[in-house]
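Worksheet: one structure, shown below.
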Amino acid sequence: MDATVQPNADFSPQERDAVYRCIATRRDVRGQFLPDPIPDEVLARLLDAAHHAPSVGFMQPWDFILVRDPEVKRKVHAAFATAHDEAAGMFDDGRAATYRKLKLEGILEAPVGLCITCDRERTGPVVIGRTHQPEMDLYSAVCAVQNLWLAARAENLGVGWVSIVRYDDLRAALGIPPRIQPVAYLCIGRVSHFFARPELETAGWLPRLPLRDLVWFDGWHRRTGAEPLLDALD
Ligand SMILES: Cc1cc2c(cc1C)N(C[C@H](O)[C@H](O)[C@H](O)COP(=O)(O)O)c1[nH]c(=O)[nH]c(=O)c1N2
């Protein structure tokens, strides 16, 4: 067979089901981290999964900053605390009280922190696919985040994304050069349990939207008649 073609490319039904289970049971983890270290071979698999994400023009704009030193974690946590306070002040009184009760990071508890960044100049000024949509390099780095997030779930590891932090504070805490854009700070580790539903859903912050309300047909149009696909979504 042609060596450029994947052999045995089809997923078995079991493999397919495993992928969907991984997607459905992935959670944003904040408060359930255990201190157990992550074995290097597991961490290597996660980073390799991230590195196999799609990227605009095959730019691979990411770098991966691993954070295991408690002192560095403390700096990141201090940056979070500042931003968290600022954010709390922006909700109305009722919302602010609920917001303050939410656990929104596991920076100190998770054994590993990981900052995924984007080098926007990595492959020069002209990139296939980015000319008219300049944010595509950032979106590529987000694809790396999601690959890692799902791979971690398959490794029975939790991941939590912490975006309540100013980019420049994160740069300062991690020594990231000004030309490099931080994209995601992730907390990674073994967990005591995974919640069945998003914590913000359980807390009554927001519900999951009905998928059928988000699907349109042949443009921004609703279907007036029967639509079997919509029934299949319920
Ligand atoms: C870009 C981005 C940024 C953040 C998040 C996610 C994403 C995609 N989420 C997690 C978010 O709250 C969570 O994904 C949703 O509530 C849905 O829950 P599950 O991920 O399905 O558990 C998140 N969670 C948190 O506790 N602190 C945070 O700062 C952030 N920031």
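Within region 208-221, track down each residue that is surrounded by fewer than 10 Cβ atoms within 10 Å (Cβ to Cβ) and of a type in the set (D, E, K, R).
First, the residues of region 208-221 that are surrounded by fewer than 10 Cβ atoms within 10 Å (Cβ to Cβ): 208-209, 214, 218-221.
Across region 208-221, the qualifying residues are R208, D218.
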Practice task
Filter region 6-62 down to the residues that are touching a residue at least 40 places away in the same chain (Cβ under 8 Å) and basic (K, R), then identify the one that is surrounded by the fewest Cβ atoms within 10 Å (Cβ to Cβ).
Solution key: R45
Practice task
State whether the residues of region 184-192 include one that is touching a residue at least 24 places away in the same chain (Cβ under 8 Å), of a type in the set (S, T, N, Q) and over 30 Å from E121 (Cα atoms).
Solution key: yes
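Among residues belonging to region 154-173 that are near the ligand (Cβ under 10 Å from one of its atoms) and touching a residue at least 60 places away in the same chain (Cβ under 8 Å), point out the one that is farthest from L200 (Cα to Cα).
Here is the first cut: in region 154-173, the ones near the ligand (Cβ under 10 Å from one of its atoms) are 158-165.
If we keep only those that are touching a residue at least 60 places away in the same chain (Cβ under 8 Å) too, we end up with 158-162, 164-165.
Working: G158: 16, V159: 16, G160: 13, W161: 14, V162: 14, I164: 15, V165: 19 Å.
Selected residue: V165.
Look through region 120-141, keep the residues that are of a type in the set (V, I, T) and closer than 9 Å to V56 by Cβ, and return whichever of them is surrounded by the most Cβ atoms within 10 Å (Cβ to Cβ). Write out each step before concluding.
Keep residues of region 120-141 that are of a type in the set (V, I, T), which gives 123, 126-128, 131.
Right, trim to closer than 9 Å to V56 by Cβ and you get 127-128.
Numbers: V127: 21, I128: 11.
Selected residue: V127.
Sort out which residues of region 20-44 are assigned to a helix (DSSP H, G or I) and more than 16 Å from the ligand (Cβ to nearest atom), and write them in order of number.
First pass over region 20-44, keeping only residues assigned to a helix (DSSP H, G or I): 20-25, 40-44.
Passing the criteria: D40, E41, V42, L43, A44.
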Practice task
Check region 187-205 and report whether any residue there is aliphatic (A, V, I, L, M) and buried (at least 16 other Cβ atoms within 10 Å of the Cβ).
Solution key: yes
Completion exercise
Filtering region 104-113 down to residues that are more than 14 Å from the ligand (Cβ to nearest atom) and outside any loop (DSSP other than H, G, I, E, B) yields V112
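Can you give me the number of residues within region 114-129 that are within 16 Å of the ligand (Cβ to nearest atom) and either in contact with a helix residue (DSSP H, G or I) (Cβ under 6 Å, 6 or more places away or on another chain) or of a type in the set (A, V, I, L, M, F, W, C) (or both)? Give the derivation first.
Taking region 114-129 first, the residues within 16 Å of the ligand (Cβ to nearest atom) are 114-118.
After this cut, where a residue has to be either in contact with a helix residue (DSSP H, G or I) (Cβ under 6 Å, 6 or more places away or on another chain) or of a type in the set (A, V, I, L, M, F, W, C) (or both) as well, the list is 114-116, 118.
Total satisfying the criteria: 4.
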Problem - Hits in region 202-222 - residues which are assigned to a loop (DSSP other than H, G, I, E, B) and within 15 Å of the ligand (Cβ to nearest atom) - result: A203, G204, W205, L206, P207, R208, L209
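Could you check how many residues of region 143-201 are among the aliphatic types (A, V, I, L, M) and assigned to a helix (DSSP H, G or I)? Give the steps one after another, and end with the answer.
Step one: list which residues in region 143-201 are among the aliphatic types (A, V, I, L, M), which gives 144-145, 148, 150-152, 154, 157, 159, 162, 164-165, 170, 172-174, 176, 180, 183-184, 186, 188, 191, 196, 200.
From the residues that got through so far, the ones that are assigned to a helix (DSSP H, G or I) too are 144-145, 148, 150-152, 154, 170, 172-174, 200.
The total comes to 12.
Please go through region 63-86 and pick out each residue that is touching a Leu at 6+ places or on another chain (Cβ under 9 Å), among the hydrophobic types (A, V, I, L, M, F, W, C) and either part of a helix (DSSP H, G or I) or surrounded by 20 or more Cβ atoms within 10 Å (Cβ to Cβ) (or both).
To start, the set of residues in region 63-86 that are touching a Leu at 6+ places or on another chain (Cβ under 9 Å) comprises 64-67, 70, 72-77, 79-80, 84.
Add one more test, that the residue is among the hydrophobic types (A, V, I, L, M, F, W, C), and what stays is 64-67, 72, 76, 79-80.
Correct list: V67, V72, V76, A79, F80.
Only the coordinates and a few stated rules stand behind these numbers; no lab work does. From a predicted model like this one, the values you see are computed outputs, not experimental measurements. A quick note on method: Cβ atoms are made from the backbone with ideal geometry, for glycine too, and the neighbour counts reach across all protein chains shown.
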